[in-house]
1. Just to be sure I understand the model, the point goes 7 Å from the Cα along the line to the Cβ. What's the resulting Gln296 to Ser173 distance in nm?
2. Going down the table (Lys256/Lys303; Lys268/Lys351; Lys256/Lys281; Lys229/Lys256; Lys217/Lys256; Lys233/Lys303), which pairs top 21 Å between alpha carbons?
3. Can you give me the long-range amide H partners of Phe273? Hydrogens built in the peptide plane at 1.01 Å from N, cutoff under 5 Å, separation of 5 or more residues or another chain.
4. Highest first, please rank the peptides 177-184, 90-97, 254-261, 358-365 by the mean number of other Cβ atoms sitting within 10 Å of their residues.
5. Taking amide H positions as placed in the peptide plane 1.01 Å from N, state which residues far from Phe280 in sequence (5 or more) or on other chains have amide H under 5 Å from it.
6. Which ³J(HN,Hα) values in Hz, rounded to whole numbers, follow from the phi angles of segment 353-359 under the Karplus curve 6.51 cos²θ - 1.76 cosθ + 1.60, where θ = phi - 60° and Gly and Pro get x?
7. Under 17 Å from the 7 Å Cα→Cβ point of Asp222, by amide nitrogen: which residues of segment 279-296?
8. Each label point is 7 Å from the Cα along the Cα-to-Cβ direction; what then is the distance between the points at Asn239 and Asn195, in nm?
Amino acid sequence: MISLSLKENKTNFSFSLLDNISLLLEHVLNIVSTHKVDLKKEEVLVRVENFKLYDKSLINKTISDSRMYTLENESAKLKSLYQYNYEEDVDTYENRFIAYILYSLKDDIVDSYRLKEREKLPFLKAGISYGDYGTYSLLSRYEMNLKKEQEEQYENHIYLLSLLRRINNLLKSEFFKRVKRVRFNEVYATNVLINDKDYSFCYYYYLKNKQNNENLKQEIIDDLFKLLKDKNKDNLIFNKPDYLSFRNGHFVFSLKNNERLLIDVLNKEINKFYEYLLDFKINLFVKKMIVYFEGQEYSFDVKNLNYILEFLSSLTLTLKTPENICPLCRNENEDTFCHRCGARYEIIHRKNGTFAWIYNIFAVDLGDEHHEI
C-alpha cells in the first residue's frame, strides 16, 4: 500500500499499489466481458408469424381487442398479438458502481499527473519572509526540490500512463456506454457485490481505500494538533483532543476539529478575528488541503505537515506599509481590499509606524511579479 503519511517526504509510489490497481482492472475487464444483467420485461405488439412468448393474461387481452383482427373471406383472423419481450439491462446498481470506481480511479491518476505542472503556492509567489521558502531568494530551492521530485516520479508516471490507457480503453467499451455515470454518496453491499468474485474484489478495494483515506485525514489532523501543542507548549490556552487554542505574539489561534478543521485567528492588537475552514482531499496519489474562506475555495497540494504550518503562519502576516498603498503589490489603494492583487488587510497604527495585517495571503495573486519584503 502506498505510504501517504505527511510525516514522510517520499514521492515514490509503492509498486504493490500499482500492481493492486492492475489486478483491479483485470477484474473490471472480466465484468465487462461477462457482466451481470437484469432482464426488462416489456409488453409489445407483434405480427402473428413472429409470435413467441405469451401467457394466459396476454391471450385474453388479445382476444378482447378488436384491433387485433382482420376480415378475410368474411372470416375474422388474428393479424397481431400481444406478447412479452425481454431486454437485457446492464444499467444496474452494481454496474454503475463499477463505472463509478473506474472514473474515480481515472480522476486520481490524472490528479497525480497535475503534480508535475503544479504552480507555486500563491503565498510563495509573493516572496513573503516566513518558512523554508519564504523569501524570493529561496524560491529557487523550491524549484530545485520540485525538479528532483519530478525525476523521482518519472518511472512511476510511465506505469501510471499505461494504467490510464487501460482505463480509457475500458471506458470506451459498449458496456460503459450503456451504464450511467453517477456519483455515490454512499455505497451499500448487494448479493452481487459480495458473492461474485470480480464484483467483490472491486467492492472491497473501494471500502479499503475509502477507509484508508478517512483514517489518513484524521491522522493529519491529529499530527497537526500534536505538533502545534509541542511548538506552543508555553503559550497554550486550551488543550483538548478536539479543541486547541494558543497564543502567538499578538495573535490567538483556536482550532476545532469536527470532521473539518475550523480555525479562528484573533488579532488581539485590534480585537479582530477571521474564520478559516480546512479540509483535506485524499486519494491514491494526491493530498490536497482545501481552504474555505469568505465563500471561496482554495486548493493546495501538500507533502508534509510543514506545508500546513506555513499556511497557518501566513495568516499572521503583518507588514509595514505607507498609507493608501497595498502592502503587497504596492498599488495605490484607499480601501482595505486591493482590487489588483486580491489582498485583504487590516490597518494597524503603532508608535513605530503603520502596518497591515494581511489575513488572506493564500488568495493573493501577484502574477509573475516577485519582490523581497
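Every read-out reported here was derived from the displayed coordinates using simple, explicitly stated rules and does not represent laboratory data. Treat the numbers as computed from the prediction; the structure is a model and nothing was measured. Here Cβ is always computed from backbone atoms with ideal geometry, including for glycine, and neighbour counts include all displayed protein chains.
1. 4.5 nm
2. Violating the 21 Å limit, Cα to Cα: Lys256/Lys303; Lys233/Lys303.
3. Amide H neighbours of Phe273, under 5 Å, 5+ apart: Asn267.
4. Result, highest mean Cβ count within 10 Å first: 358-365, 90-97, 254-261, 177-184.
5. Those qualifying (amide H under 5 Å, at least 5 residues apart or on another chain) are Ile290.
6. Here the 3J(HN,Hα) series is x, 9, 10, 10, 8, 8, 9 Hz.
7. 280
8. With each label placed 7 Å out from Cα toward Cβ, I get 5.6 nm.
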